[in-house]
Amino acid sequence: MGFEKIRTEAMSQRKAMQTSPNARVLIGTGTCGMAAGAGDVLESLESELAKSNIEADIIQVGCIGLCYAEPLIEIIKPGMPSVFYANVTPELMSEIVSDYLIAGNPRADLALGTRGEGTLDGIPQLFDLPVLKSQVRIALRNCGNIDPENIYHYVASGGYEGLRKALKIKRQEVIDEVKRSGLRGRGGAGFPTGVKWQFCHDSPGTTKYIVCNADEGDPGAFMDRALLEGDPHAVLEGMLIGAYALGASEGYIYIRAEYPLAIQRLKVALKQMEECGLLGDNIMDSAFSFHIKIKEGAGAFVCGEETALMASIEGNRGMPRPRPPFPAQAGLWGKPTNINNVETWSNISAILRRGADWYAGYGTEKSRGTKTFSLVGKIMRPGLIEVPMGITLREIIYEIGGGIPEEKAFRAVQTGGPSGGCLPASFLDSPVDYESLAEAGSIIGSGGMVVLDEDTCMVDIARYFLAFTQAESCGKCIPCRWGTKQMLDILEDIVSGNGREGDIDLLIELSEAVKDGSLCALGGTAPNPVLTTIRYFRDEYEAHIFEKRCPALACKSLISYYVIPEKCEGCGICARACPAEAIMGDKRMVHVIDQDRCTKCGTCFEVCPSKFSAIAVVSGEPVTVPLEPVPVGSKA
Amino acid sequence: MEAITITLDGVEVGGHPGMTILDLARESGVDIPSLCHDPLLTPIGACRICLVEDERSGRLLASCVTPIESGMVINTQSPKVQERRKTIIKLILASHPDTCLVCDKGNQCELRKIASDMGVGLVGLQKIPLKATIEEVNPFIERDLSKCILCAKCIRADHEIVVQGAIDYIERGFASKPATLNDSPLENSDCTFCGACVAICPTGALMEKKLVYRGTTLTNVSTICPFCGCGCSINLEVKDNQIVRARPGKEGVVSRGALCVKGSYGYDFVHSPERLTSPLVKVNGDFEAVSWDEALAKVASELKRIKETQGPNSLALLGSSKCTNEENYLLQRLARGVLGTNNIDNASRLYSAPSIVGLGSTVGFPGTTNSLNALEQSEVIMVIGANLTSSAPAVGYAVKRAARYKGAKLLLIDPQQTNLSSFAHLWLRPGVGTDLALVNGMARVIVTEGLLDEEFVTRKTDNYEVWSKELEKYTPGYVEEVTGVPGDDVVRTARLFAEANLASIVYGDGITQHLTGTDTVIALANLAMLTGNVGLGGGIFALQRDCNGLGACDMGALPDLLPGYQSVGNPQAIKTFADRWDTDLPSDGGLTAIEMIDHAIEGKVKGMYIVGENPVLSFPNQSLIKEALTSLDFLVVQDMFLTETAKLANVVLPAASFAEKEGTFTNFEGRIQRVCKVIEPIGDSLPDWEIIVQLANSMGNPMPYSSLQQVKEEIQELVPLYQDTGYMDPEAKDMHRGELEKAPLRSRRLYKGQFPSGFGRFSPVQYEPQEETPKDGYPLTLLTGSVLYHSGTGSRSSRSPRLSEFSPESYLEIGEPDATQFGISEGDEVRVVSPTGEVTAVAKFTDVLPEGMLFMPLSFPSTPINQLFGIALDPRAKTPALKACAVKLERIQPRG
């Protein structure tokens, strides 16, 4: 089937859909949507439609990125702007079906926003909402908008136009276009993609490989998963373009086995591509041939490192090896190989379709285009976002993310996952680009962004990330294998109140040895969370070490719960709730917490009625309370 | 190649592209410490101790994996470098036990050395001990992984040198360590206990078990392993006249950093309490210890008496494929010059005479035609009739390296599944004794498809036309019918072999110990010549079972050939030796080994002198051999142990072991290697060569040698193969018989494709069905063969405490379908019966054998399997068929 025919078919399908008298209901059934309950909502939708005997087209789409609003549905009635409803439950679904689909009341009280031509009273435009207003969707352009298992949806949205254009120009011209776009690797290192391509292109040899790195492993990061679930063709088209430009005829997608839905979507997409002549021999009737295999990784974080990834594809233990030779010179099975991450490939297809200049129009001079982030942590609106490079952290956290819940204070933002660092409030107005974050001691990384509030202990955060890298070290280099273990040991001592004078210096010494002495980026960046927290929150370390105090009141070994005698009314709620039976006192007696038995779970603090607020949590300060329960009102 | 200049610690030095900073530094005399680097292994940059500073960028680089680049400015000792190195050492020590005082690694510990060089004493970090060790029950290797620094040298040695794949990394992060599959104990894994990992481990994590001395030895002597024909260099460490440890020789061209389990641990037979420590004379059926004078006088007078009364040809001598070249030379001089008989042979008759005859009559050179290194560089390697990883481990390592890492295609021809099967590009399983048809079939494919090397055949060989006509009947269809190998596979194998530029053939006992051994060797030589693989690249590699099988033949311990393969029928040659020795020499051909037995039975041979050989176990038909030997008037046996043969002797002379003497061995390649004295002879034992010289004295025909050096001078003078090889030069390395260009054409190894006689000769050989295939009443075919843990008849290896502990008894390998058919369960004691004899063994199930085939190992004195074989000789080489025989099974009782 020629591509023209496919495009015609795609357009006519789309037209048929648009002109259909039926309403369309788009429901996000990515992993995130399903986790939020989209499955039940879908069931409710189907049964309501059947009950009411209305015909509507249900389209399961990927994630649009509004995690806080899942399950999210979009309803498009002919001649109306589409309406989004957030946090839909099966009950709400049935209300929406009867009120909007049947009765025509869009329920402004439930709607999140509208999209498309026209307005509806009382419902804002979705993209005018603060969460979306400053976002620019390039990599995620189709996520949430199309059926990812239908190649015609992708084609109708301009899909494979980039490939069609690429095949018409010389291979070098494709590379030049990518160079001109200023695109840099979105996997973390930020190496200019076009330059990387050029190396591989210039490497001698007729057999070359293209690899898509979908081994997303940072804690709290889910950009690649959402993209592959929501728009696999955008990534695959990028790979085809790369393969053409570099002269590769075989490609691999290295994806973690923990992403079953993404793998499923990829398999469907590959099959459809083959059926449409977009994969295999003589793609789009040209001389270009390309085959793609999926390799499922077994979940080792280090396999995201490209030499370890290649070893894993070859069937060996995923362990990094020294470079040179670089993959572009001798990669998979010793052949020149180009590896880019999921998001990079999705950008490629957009760049070839719309042009390098268009892409380079976004972002900053050195960091062009957009970047996706998974915005999580202590934030009002966690989600998957895509923003132009150069946007400030403040805009991301306070406008898109809606700030910190419960009016707590901002403490830090952790970027770049375990390889990144924690930046304090003083960096809120810094632009988000490769250079600025690096200068601050962190990295953009693959796009994890964890917001931390005042309740978060920065020493404990460093410990958390180091525990992750320590466990995920492949074990090859001594500094990484044993250095991170020593550092973790020290941090564990500090958070448990056993820190010693000199620990901070020792941490810095070890950090430097690990950074300088490790072969790959895992070890090379593992100390970043420690170094940045020491750099910006040294006082917290010192409080732990010298005062045995956790300023965030988070480290269990350093905090104590007490009943404030003056406030306790002896209601007994806390004593009944205490799982450790550590609270003494009968009714109308001031309760007392047995510090030896207390496990510091915080249950008493949570259950104490707010009208009393009689439980206090303290760290590093003395408290005077009765040793035994005394009657309420008596002087202890 | 253009040189690259870099600045190293302020000095400009030049290297070549591809060198690492570490390579160049070491070459320039700059010491950079490292724990994970070894020149034999692929560098991985794991320990990070070799960090150096790039002064231009300030970055630290792991020098072992960073290639030099023009203009680099490297500082190997900058403060930053030193600081980082110290931190790394501290990190290691923080997770290393404080047991240096009781660690057997002692002063050999590289970690300790580097720590002390850098002055790291106090660590200043918390001790975080590594997890405990695995309890091992094997007698060879002790793993204490709490001392492991994960340099991965053991893993790389296992993967890259011996290509066994027994160990790899397991777990991640702090828990990562080297381990077997599923972290099972070594003895339950694929480990072959070659000891390569132990030899290369920088700390005490991998150590020998049962060390007799735990300190550092002062005496370390490099010599040659006394077991198989590979000829690995071993370095023996000595304390108080006792060998305490063996390690692969550092400069060993053959061993390349690895031995096998026998080389690493089997040397302990030297100190067996069963060693003979004084001469023994049998009086009234019992041995009595006597002095050397008395024993030698008795031997001299008896031999003299028999010679004088019955004629010189009533005496016969067996030399030893385990004794040195010089000893075999002296023994044949004793036979010819003193006793006046050509009745001298050696035990390589039992397995390699077909090579001497077959290769001699085709390529004109008796033995392997190229070096082990050339084998490893081959594009196609055909291994036929050889279980390399058991019988010639070092050759096995080379073949596996070639197949795994150098892109060589392995064509394996073996009915049994072997360790090499998983490396094979094609694996053919011909029926037992049908190899000749298969090889001829391959040749026919090559001829009919025009894949031969025409130029080579035309210019360097003759008799092609006659020979090629004789191939006609070996169509793929016929070959399939005869061998059971699908005709298509024959064609594919032939094409692969012919189309490779460099193709090699490796063969062993599986070819030579059949009745058609010589013919099959000739067929293989024809195949090699047809494809131009003789002389230049590739080659024919004839394995040797014993350490000096080839040398014993080179030295003329043969009934028809004088030293250097000069025929006793050649008056010129006889004259040369007669003049040199100033005596008359017999010119009638002598008896081969088995013929000596026949003649003894017939009463024609009355006296025998057997040196270092155990015919009761190694020859076929044990009862007949015993009968023959007991019927002699006089039998003298010279050995280290009171072997089954020695027990029958009138006089037993105690010989020193390989470790107690000087001399040379010639390995299967033809490499002449120096054997060095490591310890003083045990008890009153003497080196064989001294005994022979003294015996000649006692007989009143003194040999004019006051030192071994004089013997060597004579060999160099009279044996052209050993001329100009560096044989006399104590410093010479890498000596090959017949290797040097200036050697006379007739005596040198094939050089630049030139055959010694000018032309290689194609010789037609025909397949004939053999008796050893199953017959009435004996429905199964028993194969015999070497096992890794033993050697020869087991007279040495069964006396190695460690080898015999690990592999104490024989067994019968049988496939489950066959076992079911005969009602045999695993572990049953089974009687194996042939038309000639029977043995018993415990049944062990296996899936490596085709149906109807059984396997039993050689080398277990308590299970003398050769008694299953009748005496049937290869008509040309007089080698007895000892590879396969028809048997039936009788179940005796379930075990236990």
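The values are calculated or read from the model by the stated rules, or taken from the named source; none is laboratory data. Every value quoted in this text rests on a predicted model; they were computed, and no experiment measured them. Here the Cβ positions follow ideal geometry from the backbone for every residue, glycine too, while neighbour counts run over all protein chains shown.
Counting only residues that are over 19 Å from B:Phe140 (Cα atoms) and aliphatic (A, V, I, L, M), how many does the stretch B:786-827 have?
Within the stretch B:786-827, the first condition is being over 19 Å from B:Phe140 (Cα atoms), and the residues that meet it are B:786, B:792-793, B:795, B:810-827.
Still in the list and also aliphatic (A, V, I, L, M): B:812, B:814, B:819, B:824.
Matching residues across the stretch B:786-827 total 4.
Is it the case that the stretch B:442-462 has a residue that's buried (at least 24 other Cβ atoms within 10 Å of the Cβ) and part of a loop (DSSP other than H, G, I, E, B)?
No; the residues of the stretch B:442-462 include none that is buried (at least 24 other Cβ atoms within 10 Å of the Cβ) and part of a loop (DSSP other than H, G, I, E, B).
Inspect all residues belonging to the stretch A:537-556 and state whether any of them is among the hydroxyl-bearing types (Ser, Thr, Tyr) and over 33 Å from the mean Cα position of the chain (by Cα). Outline the logic, then answer.
First, the residues of the stretch A:537-556 that are among the hydroxyl-bearing types (Ser, Thr, Tyr): A:541.
Filter again for over 33 Å from the mean Cα position of the chain (by Cα), leaving none.
Within the stretch A:537-556, not a single residue is among the hydroxyl-bearing types (Ser, Thr, Tyr) and over 33 Å from the mean Cα position of the chain (by Cα).
Condition first: in contact with a Ser or Thr (Cβ under 7 Å, 6 or more places away or on another chain) and either at pLDDT 80 or above or at positive phi (or both). Now tell me which residues in the stretch B:742-766 satisfy that.
Residues satisfying the conditions are B:Phe759, B:Gly760, B:Arg761, B:Phe762, B:Ser763.
Return the only residue of B:Thr20, B:Thr87 being among the polar types (S, T, N, Q), within 38 Å of the chain's Cα centre (by Cα) and not assigned by TED's automatic domain parsing to the domain that holds B:Gly257. Steps first, answer last, please.
On the way: B:Thr87 fails: within 38 Å of the chain's Cα centre (by Cα).
The match here is B:Thr20.
Could you pull out the residue among A:Cys601, A:Cys568, A:Cys550 that is at pLDDT 95 or above and assigned to a loop (DSSP other than H, G, I, E, B)? Break it down into steps so the answer makes sense when it comes.
Values: A:Cys601 fails: at pLDDT 95 or above; A:Cys568 fails: at pLDDT 95 or above.
That would be A:Cys550, the only listed residue that is at pLDDT 95 or above and assigned to a loop (DSSP other than H, G, I, E, B).
Please specify each residue of the stretch A:392-418 satisfying the condition of being closer than 13 Å to A:Lys133 by Cα and out of contact with any strand residue (DSSP E or B) (no Cβ under 7 Å at 6 or more places or on another chain).
A:Glu395, A:Tyr398, A:Glu399, A:Gly402
So which residues in the stretch A:517-543 are buried (at least 24 other Cβ atoms within 10 Å of the Cβ), assigned to a helix (DSSP H, G or I) and within 14 Å of another protein chain (Cβ to nearest Cβ), if there are any at all?
Within the stretch A:517-543, A:Gly517, A:Leu522, A:Gly523 meet the criteria.
On the basis of being buried (at least 24 other Cβ atoms within 10 Å of the Cβ) and in contact with a helix residue (DSSP H, G or I) (Cβ under 7 Å, 6 or more places away or on another chain), does A:Gly441 make the cut? I'd like the intermediate steps shown before the answer.
Numbers: buried (at least 24 other Cβ atoms within 10 Å of the Cβ): no; in contact with a helix residue (DSSP H, G or I) (Cβ under 7 Å, 6 or more places away or on another chain): yes.
Judged against the criteria, A:Gly441 is not a match.
Report, by residue number, each residue of the stretch A:464-482 that is closer than 21 Å to A:Asn498 by Cα and either within 14 Å of chain B (Cβ to nearest Cβ) or buried (at least 24 other Cβ atoms within 10 Å of the Cβ) (or both).
First, pick out the residues of the stretch A:464-482 that are closer than 21 Å to A:Asn498 by Cα: A:464-467, A:470, A:482.
Hits for the stretch A:464-482 are A:Phe465, A:Leu466, A:Ala467, A:Gln470, A:Trp482.
Out of everything in the stretch B:186-225 that is under 27 Å from the mean Cα position of the chain (by Cα), small (Gly, Ala, Ser) and assigned to a loop (DSSP other than H, G, I, E, B), what residue ends up being farthest from the other protein chains (Cβ to nearest Cβ)? Lay out the reasoning, then the answer.
Within the stretch B:186-225, the subset under 27 Å from the mean Cα position of the chain (by Cα) is B:186-201, B:206-212, B:219-225.
Add one more test, that the residue is small (Gly, Ala, Ser), and what stays is B:189, B:195-196, B:199, B:222.
So of that shortlist, the ones also assigned to a loop (DSSP other than H, G, I, E, B) come out as B:189, B:195.
Numbers: B:Ser189: 17, B:Gly195: 24 Å.
Looking at residues that are under 27 Å from the mean Cα position of the chain (by Cα), small (Gly, Ala, Ser) and assigned to a loop (DSSP other than H, G, I, E, B), I get B:Gly195.
Quick one: in the stretch B:3-43, which of the residues that are surrounded by fewer than 19 Cβ atoms within 10 Å (Cβ to Cβ), of a type in the set (Val, Ile, Thr) and more than 14 Å from every other protein chain (Cβ to nearest Cβ) is farthest from B:Arg401 (Cα to Cα)?
B:Val11
Please work out if B:Val399 is under 29 Å from the mean Cα position of the chain (by Cα), farther than 25 Å from B:Cys885 by Cβ, β-branched (Val, Ile, Thr) and part of a helix (DSSP H, G or I). Lay out the reasoning, then the answer.
Working: under 29 Å from the mean Cα position of the chain (by Cα): yes; farther than 25 Å from B:Cys885 by Cβ: yes; β-branched (Val, Ile, Thr): yes; part of a helix (DSSP H, G or I): yes.
It is true that B:Val399 is under 29 Å from the mean Cα position of the chain (by Cα), farther than 25 Å from B:Cys885 by Cβ, β-branched (Val, Ile, Thr) and part of a helix (DSSP H, G or I).
Name the one entry in B:Val120, B:Val137 that is more than 14 Å from chain A (Cβ to nearest Cβ) and assigned to a loop (DSSP other than H, G, I, E, B).
Numbers: B:Val120 fails: more than 14 Å from chain A (Cβ to nearest Cβ).
From the options B:Val120, B:Val137, the qualifying one is B:Val137.
Within the stretch B:374-385, identify whether any single residue is in contact with a Lys or Arg (Cβ under 8 Å, 6 or more places away or on another chain) and assigned to a helix (DSSP H, G or I), and answer yes or no.
Yes, the conditions are met somewhere in the stretch B:374-385.
Looking only at the stretch A:483-504, count how many residues are away from chain B (no Cβ under 11 Å) and either assigned to a helix (DSSP H, G or I) or touching a residue at least 60 places away in the same chain (Cβ under 8 Å) (or both).
Filtering the stretch A:483-504 down to residues away from chain B (no Cβ under 11 Å) leaves A:491, A:494-497, A:499, A:501, A:504.
Next cut, either assigned to a helix (DSSP H, G or I) or touching a residue at least 60 places away in the same chain (Cβ under 8 Å) (or both) only: A:491, A:494-497, A:504.
Qualifying residue count, the stretch A:483-504: 6.
From B:Ser706, B:Ser685, grab the single residue that is under 21 Å from B:Phe658 (Cβ atoms) and small (Gly, Ala, Ser). Walk me through how you get there before you give the answer.
Working: B:Ser706 fails: under 21 Å from B:Phe658 (Cβ atoms).
Sole residue among the options that is under 21 Å from B:Phe658 (Cβ atoms) and small (Gly, Ala, Ser): B:Ser685.
Scan the stretch B:468-481 residue by residue and report those that are of a type in the set (Asp, Glu), buried (at least 16 other Cβ atoms within 10 Å of the Cβ) and in a helix (DSSP H, G or I). Break it down into steps so the answer makes sense when it comes.
From the stretch B:468-481, those of a type in the set (Asp, Glu) are B:470, B:472, B:480-481; that's our starting set.
Next, only the ones that are buried (at least 16 other Cβ atoms within 10 Å of the Cβ) stay: B:470, B:480.
Of everything in the stretch B:468-481, just one residue is of a type in the set (Asp, Glu), buried (at least 16 other Cβ atoms within 10 Å of the Cβ) and in a helix (DSSP H, G or I), namely B:Glu480.
Working only within the stretch B:207-233, note down all residues that are within 27 Å of B:Gly396 (Cα to Cα), surrounded by fewer than 24 Cβ atoms within 10 Å (Cβ to Cβ) and hydrophobic (A, V, I, L, M, F, W, C).
If the condition is that a residue be within 27 Å of B:Gly396 (Cα to Cα), surrounded by fewer than 24 Cβ atoms within 10 Å (Cβ to Cβ) and hydrophobic (A, V, I, L, M, F, W, C), then B:Met207, B:Val221 are the ones that fit.
Does A:Leu466 count as without any contact (Cβ under 8 Å) to a residue 60 or more places away in the chain, under 22 Å from the mean Cα position of the chain (by Cα) and either within 28 Å of A:Asn213 (Cβ to Cβ) or not assigned by TED's automatic domain parsing to the domain that holds A:Leu519 (or both)? It would help to see each step written out before you state the result.
Numbers: without any contact (Cβ under 8 Å) to a residue 60 or more places away in the chain: no; under 22 Å from the mean Cα position of the chain (by Cα): yes; either within 28 Å of A:Asn213 (Cβ to Cβ) or not assigned by TED's automatic domain parsing to the domain that holds A:Leu519 (or both): yes.
So A:Leu466 does not fit the description; no.
For the stretch B:145-185, name all the residues that are closer than 20 Å to A:Gly315 by Cβ, of a type in the set (Gly, Ala, Ser) and within 14 Å of chain A (Cβ to nearest Cβ).
Matches in the stretch B:145-185: B:Ala152, B:Gly165, B:Ser176, B:Ala179.
Does the stretch A:281-291 contain any residue that is on the phi > 0 side of the Ramachandran plot and charged (D, E, K, R)? Quick ask: steps written out before the conclusion?
Residues of the stretch A:281-291 on the phi > 0 side of the Ramachandran plot: A:282, A:284-285.
Retained after the next criterion (residues that are charged (D, E, K, R)): A:285.
Yes: the stretch A:281-291 contains one or more residues that are on the phi > 0 side of the Ramachandran plot and charged (D, E, K, R).
Among A:Ile313, A:Ile351, which is the only one that is closer than 21 Å to A:Thr193 by Cα and either in the same structural domain as A:Gly448 (by TED's automatic domain parsing) or surrounded by 19 or more Cβ atoms within 10 Å (Cβ to Cβ) (or both)?
That would be A:Ile351, the only listed residue that is closer than 21 Å to A:Thr193 by Cα and either in the same structural domain as A:Gly448 (by TED's automatic domain parsing) or surrounded by 19 or more Cβ atoms within 10 Å (Cβ to Cβ) (or both).
Please go through the stretch B:651-682 and pick out each residue that is part of a strand (DSSP E or B), among the hydrophobic types (A, V, I, L, M, F, W, C) and in contact with a Ser or Thr (Cβ under 8 Å, 6 or more places away or on another chain).
B:Ala655, B:Phe665, B:Ile672, B:Val675
Given the criteria in contact with a strand residue (DSSP E or B) (Cβ under 6 Å, 6 or more places away or on another chain) and at the interface with chain A (Cβ under 9 Å from one of its Cβ atoms), does B:Arg59 qualify? If you could, list the steps in order and put the result at the bottom.
On the way: in contact with a strand residue (DSSP E or B) (Cβ under 6 Å, 6 or more places away or on another chain): no; at the interface with chain A (Cβ under 9 Å from one of its Cβ atoms): yes.
The answer is no for B:Arg59.
What residue, among those in the stretch B:44-56 that are in contact with a strand residue (DSSP E or B) (Cβ under 7 Å, 6 or more places away or on another chain) and within 19 Å of B:Val30 (Cα to Cα), is farthest from the other protein chains (Cβ to nearest Cβ)? Give the derivation first.
At the first step, the residues of the stretch B:44-56 found to be in contact with a strand residue (DSSP E or B) (Cβ under 7 Å, 6 or more places away or on another chain) are B:45, B:48, B:50-56.
Imposing the further condition that a residue be within 19 Å of B:Val30 (Cα to Cα) reduces the set to B:45, B:48, B:50-55.
Working: B:Gly45: 5, B:Arg48: 4, B:Cys50: 11, B:Leu51: 6, B:Val52: 11, B:Glu53: 9, B:Asp54: 11, B:Glu55: 15 Å.
It comes out as B:Glu55.
What tally of residues in the stretch B:482-519 results from selecting those that are assigned to a helix (DSSP H, G or I), of a type in the set (Ser, Thr, Tyr) and more than 22 Å from B:Thr389 (Cβ to Cβ)?
Adding up the residues that qualify gives 2.
Out of all the residues in the stretch B:332-357, which are assigned to a helix (DSSP H, G or I) and closer than 14 Å to B:Leu543 by Cβ?
Our first condition is that a residue be assigned to a helix (DSSP H, G or I); within the stretch B:332-357, this holds for B:332-339, B:347-350, B:353-357.
Scanning the stretch B:332-357 gives B:Ser348, B:Leu350, B:Ala353, B:Pro354, B:Ser355, B:Ile356.
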